[in-house]
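Contents: one structure, followed by commentary.
The values are calculated or read from the model by the stated rules, or taken from the named source; none is laboratory data. Predicted model, so just to flag it, every value in this text is computed and none were measured. Backbone-built Cβ (ideal geometry, glycine too); neighbour counts: all protein chains shown.
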Amino acid sequence: MVKGENMTTNIIVTGRGGTGKSTFATLAVKELKGARLIIDADPDQCLSALLGVDLDEAGIKTVSEALFEIQKGETDASMDSMPLPEKVDYLLQLSCLYESPEFDLLTLGVKWTRGCYCAPNNALRTLITELASNYDYAVFDSPAGLEHINRRIVSRADDIFAIVDPSAKALRNAEHVIDIADTIDFSFKNLYTVANYRFPEDLLASLENMDHSRYLGKVEHDARVESLDWSGDSLLRLPADSPACRSVRELLAKAGYRTQ
């Protein structure tokens, strides 16, 4: 069965900063066929820029901002009588979800550390899962620590794509995915490693020989990626024949996905 048919496929893209994980997540959204929700679980919040979305201009809040309003009692008075799960759901759908014909975007924002967010956070876990179930694909852009898993925002994944650069730290981060998942009882079906364009060919054997994961291949260098990033334009503007798009499309196909 092709992934994404008949039920939601949860995809996690992870890697340390600078490996190109957000670029891979953006191009995966571009190439996948079907209804796509992309969730930015990285506190750096760079994904919206790569997608060409100005959250402030669109009047969209991060989930952290919405939870802060609830925790501080700063929501609209008309919501005072709502039960907490209903209040979180209302803000999630109305204030935090960016919708477009190509994709929908949910940005978690910075990690909330002050005050007790236990109750709204517990409601959020269920609501994000319910929201994702309306799509063919839910793509999570995650930092190397699998932040969304630590928050238990999602309880399962179909595929994890670990994006690595030629550094020992990146390789360790990819290897630790298994340990983290085991520790918090998080289930997933496949762990794939993907080399970024800086990875030298003579070191690829280190990825091919990693335990418990499958090496898919390498994202090709594309000067237009950096050009669009510097100019603030969306990577979705890349043509289908760009080296970056073509290589991501081929990598997804190897993992069993139907692409555009």
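Here are the numbers:
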{"item": "Test: residue in the range 41-54 that is assigned to a loop (DSSP other than H, G, I, E, B) and at positive phi", "result": "yes"}
{"item": "Selected residue [among the acidic types (Asp, Glu) and more than 30 Å from LEU127 (Cα to Cα)] from ASP179, ASP222", "result": "ASP222"}
{"item": "Close pairs (8 angstrom Cβ cut-off, 6 or more residues apart or separate chains): closer than 15 Å to ILE38 by Cα and of a type in the set (Ser, Thr, Tyr) in the range 49-70, modelled with pLDDT under 95 and surrounded by fewer than 18 Cβ atoms within 10 Å (Cβ to Cβ) anywhere", "result": "THR62/VAL110"}
{"item": "Test set (1) over 30 Å from ARG246 (Cα atoms); (2) of a type in the set (A, V, I, L, M); (3) over 16 Å from the mean Cα position of the chain (by Cα) - VAL63 fails condition number", "result": "(3)"}
{"item": "In the range 196-246, the residues that are of a type in the set (D, E, K, R), in contact with a Pro (Cβ under 9 Å, 6 or more places away or on another chain) and either buried (at least 18 other Cβ atoms within 10 Å of the Cβ) or in contact (Cβ under 8 Å) with a residue 40 or more places away in the chain (or both)", "result": "ASP222"}
{"item": "Within the range 66-106, considering residues that are in a loop (DSSP other than H, G, I, E, B) and under 20 Å from ASP40 (Cα atoms), the one farthest from the chain's Cα centre (by Cα)", "result": "PRO101"}
{"item": "Which listed residue, of ASP40, ASP54, ASP44, is in contact with a Cys (Cβ under 9 Å, 6 or more places away or on another chain), acidic (Asp, Glu) and either modelled with pLDDT under 95 or over 24 Å from ALA170 (Cβ atoms) (or both)", "result": "ASP40"}
{"item": "Options ILE184, ILE149; residue that is within 18 Å of the chain's Cα centre (by Cα) and either modelled with pLDDT under 90 or over 20 Å from ASP42 (Cβ atoms) (or both)", "result": "ILE149"}
{"item": "Any pair with Cβ under 7 angstrom, 6 or more apart, that starts in the range 9-21 at a residue that is modelled with pLDDT of 90 or more and ends at one that is in a loop (DSSP other than H, G, I, E, B) and β-branched (Val, Ile, Thr)", "result": "ASN10/VAL154; GLY20/VAL219"}
{"item": "Long-range neighbours under 6 Å by Cβ, at least six apart or interchain, first residue farther than 21 Å from THR75 by Cβ within the range 87-104, second part of a helix (DSSP H, G or I)", "result": "PHE103/VAL29"}
{"item": "Residue under evaluation ALA223, criteria (1) at pLDDT 85 or above; (2) under 14 Å from GLY15 (Cα atoms); (3) among the small types (Gly, Ala, Ser), criterion not met", "result": "(2)"}
{"item": "Number of positions in the range 164-181 that are within 30 Å of ASP241 (Cβ to Cβ) and either in contact with a strand residue (DSSP E or B) (Cβ under 6 Å, 6 or more places away or on another chain) or in contact (Cβ under 8 Å) with a residue 60 or more places away in the chain (or both)", "result": "4"}
{"item": "Every pair of residues 6+ apart whose Cβ atoms lie under 9 Å, when the first sits in the range 182-195 and is at positive phi while the second is exposed (fewer than 12 other Cβ atoms within 10 Å of the Cβ) and at pLDDT below 95", "result": "none"}
{"item": "Output for the range 195-212, where each listed residue is modelled with pLDDT under 90 and of a type in the set (Gly, Ala, Ser)", "result": "ALA205, SER206"}
